[in-house]
Amino acid sequence: MASEATGVSGLAGRYATALFDLADQQQALDAVAGDLIQLRQMIEDSPELARLIRSPVLSRDAQARAMAALTEKAAFGTTVRNFVSVVAQNRRLFALTGIIRGFLGLLAARRGEVTAEVTAAQALTDGQLSAINEQLNRAIGSKVAVDVRVDPAIIGGLVVKVGSRMVDGSLRTKLTRLQLAMRGI
């Protein structure tokens, strides 16, 4: 089973593995991954959508109808639309971000890549992204898939996570350290 090799486990892991196996059979791994990345970005960008997928108050049918309309409007492929529908009907939308993370982890493992989560204060240019990718490839020693997220709260700099390692070069962290040093802690 794919999840045993990559450490994907739990409810989200089971769904991610099922979707990965289905996409692999259909030879649509890249298309499904693209749709899932877009869906994850939509969830991160919309507090209303995040609330919709986490709400226990909304009925199963209401969540399913909303997600069906969203996936159709976003022009996702049939595999992702049907998968999101099944997840909604099973009342598992709360696990959707974990499922996406698990799927992308399985895909990266299949490709022999290591996934690096990079958080920046603002969107990165192509030049910045390629420079980060090059530095990570050199530091890690293998192919690195960079997953960029934007979080204005870090003010500036980057936070890079690769596996269990994290390098926090954000301005927010530096200001916090300076504040603590000035207090004498």
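Kindly provide the helix-only [θ] at 222 nm of the chain, computed as the sum of -39,500 (n - 2.57) over DSSP H runs of four or more divided by all residues, to the nearest 500 deg cm²/dmol? Numbers along the way, then the final one.
Numbers: 9 runs with 116 residues, N = 185.
Calculated mean residue ellipticity at 222 nm is -20000 deg cm²/dmol.
Give me the 1.4 Å probe accessible area per residue for the chain, excluding ligands and nucleic acids, in Å².
Computed with neighbouring chains in place, this is 58 Å² per residue.
Taking Cα pairs under 8 Å and at least six residues apart, what relative contact order does the chain come out at, in percent?
RCO, the chain: 20 percent.
Just order 54-63, 90-99 by mean Cβ neighbour count inside 10 Å, highest at the front, would you?
So the peptides 54-63, 90-99, ranked by packing, come out 90-99, 54-63.
Taking the Cα atoms of the chain alone, what are Rg (to one decimal) and Dmax (as a whole number) in Å?
18.5, 60
Given 0.36 nm per residue, what is the gain on full extension from A75 to A62 after removing their alpha carbon distance, in nm?
Extra length from A75 to A62 when fully extended: 2.7 nm.
Test of understanding: what is the full-extension gain from A123 to R54, defined as 0.36 nm times their sequence separation minus their Cα-Cα distance?
Contour length minus the Cα-Cα distance gives 22.2 nm.
At what distance in nm do the modelled label points of R149 and D24 sit from each other, each positioned 7 Å from its Cα along Cα→Cβ?
2.6
Any chance you could give the angle, 0 to 90 degrees and rounded to 10, that helix 78-89 forms with the longest Cα principal axis of the chain?
90
How charged is the neighbourhood of T173? Take every other residue with its Cβ under 14 Å from the Cβ of T173, and add Lys/Arg as +1 and Asp/Glu as -1.
Values: positive: K161, R172, K174, R177; negative: D151, D168.
Charge balance in the 14 Å sphere: +2.
The values are calculated or read from the model by the stated rules, or taken from the named source; none is laboratory data. Bear in mind that the values here come from a model prediction, so they are computed numbers and not experimental data. Glycine also receives a Cβ, built like all others from the backbone with ideal geometry; neighbour counts cover every protein chain displayed. Please note that ligands, DNA and RNA were not included when accessible areas were found on the heavy atoms of the full protein model with its side chains. Shrake-Rupley method; radii C 1.70, N 1.55, O 1.52, S 1.80 Å.
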